[in-house]
Amino acid sequence: MVKTFQIEEIIDSPSKVAILRLFTARKDFKATGRQIAKLIGYSAPSTHDSLKDLHGRNILKLDIIGKQHIYTLNDDDRVVQKIICPMFAAESNIKNEIRDFLLKEFKRTKIRRKIISLILYGSMQTETAKKGSDIDIAAVVLRATDLHSVENVFLSEIAPRFKAYFGVQMDAYIKSAVEFKERLKKNQPPVSTLMKSYSVLYGREPLEI
């Protein structure tokens, strides 16, 4: 049987991945090859070759206006609808996936009521993560008496399942509300680092703890 679609033929170079990520991230995005090359940080020849190939495979549309070649994503294409857009949506939706995964785990392990704030920070938050980077999570526990049990659940149950699902380690910073507030007041790390860039996945803002 002849295959009409093979993913390795469409996403077979870093420049193609960058181009598709750009088009799926911006609704109704249109640009010339030169503009696209500048936005994705690849050379004009490399970008042109990738654009030509993606157009040839019906992934991109091409409009020629005067001397300008304007590219757009072909939203009507089956591969774009069923594979490319969902794939990059999953990539950009990682924060929500982390939140949903952890809240589900909190419910399963019956610790959700003990946690008043769940915060994402670090390299994923600042979008500087590299291959193999840990995902930094801060969990603030309401009562100091529950701290030890929550730590045990994170280490023995949640962290292994997190690694199995996301393929990376979770670096969990777990403190009681009292200790978290004290470190915040004294501007001590890692709370001081967290405050520079963070996303509250669940519960209270750091300044409301």
Mind checking the stretch 57-130 for trypsin sites (Lys or Arg not before Pro) that DSSP puts in a loop (not H, G, I, E or B) and that have at most 11 other Cβ atoms within 10 Å? Lys67, Lys110, Lys130
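Report relative contact order for the chain in percent, whole number only (criteria: Cα-Cα under 8 Å, sequence separation at least 6). Show your work: numbers first, answer last.
On the way: 239 pairs, mean separation 36.0, N = 209.
For the chain, the relative contact order is 17 percent.
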To check my understanding: the extent here is largest minus smallest coordinate of the Cα atoms along each principal axis. What are those three numbers for the chain, in Å, largest first? 69, 44, 25
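Multiply the residue gap between Lys30 and Leu207 by 0.36 nm, knock off their C-alpha separation, and tell me the result in nm, one decimal place. All intermediate terms of the calculation are to be shown ahead of the outcome.
Values: separation 177, 0.36 × 177 = 63.72 nm, distance 4.14 nm.
In short, 59.6 nm is gained.
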Quick one: Karplus J couplings for the stretch 110-119, per residue in order, coefficients 6.51, -1.76, 1.60, θ = phi - 60°, nearest Hz, x for Gly and Pro? 6, 10, 4, 5, 7, 9, 9, 7, 10, 10
Compute the length gained on full extension between Ser46 and Lys107: take 0.36 nm times their separation in residues and subtract their Cα-Cα distance, giving the result in nm to one decimal. 17.1 nm
Candidate lysines - alpha carbon under 17 Å from Lys30, same-chain residues fewer than 8 apart omitted: Lys16, Lys38, Lys52, Lys61, Lys67
Could you check what % of the DSSP bridge pairs in the chain are antiparallel, to the nearest 5? 75 percent
Could you give the semi-axes, largest first, of the ellipsoid that matches the stretch 55-125, computed as the square roots of 5 times the alpha carbon gyration tensor eigenvalues and rounded to whole Å? 43, 15, 7
Run the numbers on the stretch 7-91 and let me know its relative contact order in percent, using alpha-carbon pairs under 8 Å that are six or more apart. 30 percent
Cα centroids of the stretch 4-41 and the stretch 58-136: how far apart, whole angstrom? 16 Å
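Cα-Cα pairs above 23 Å in the stretch 93-208: how many percent? Provide the component values of the computation, followed by the final result.
On the way: 1544 of 6670 pairs.
Percentage above 23 Å: 23.
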Taking the Cα-to-Cβ direction at Ile83 and at Lys131 and moving 7 Å from each Cα, how far apart do the two end points lie in nm? 2.2 nm
Among DSSP bridges having both ends in the stretch 93-208, what percentage is antiparallel? Round to the nearest 5. 60 percent
Assuming R0 = 30 Å, what is the FRET efficiency of Ser149 and Ser92, from their Cβ-Cβ distance, to the nearest 0.05? 0.30
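None of the figures in this text is laboratory data; all of them are computed from the coordinates on show. A quick note: this is a predicted structure, and the numbers were derived from the prediction, not measured. Neighbour counts are summed over all protein chains in view; Cβ atoms, including those assigned to glycine, are modelled from backbone coordinates with ideal geometry.
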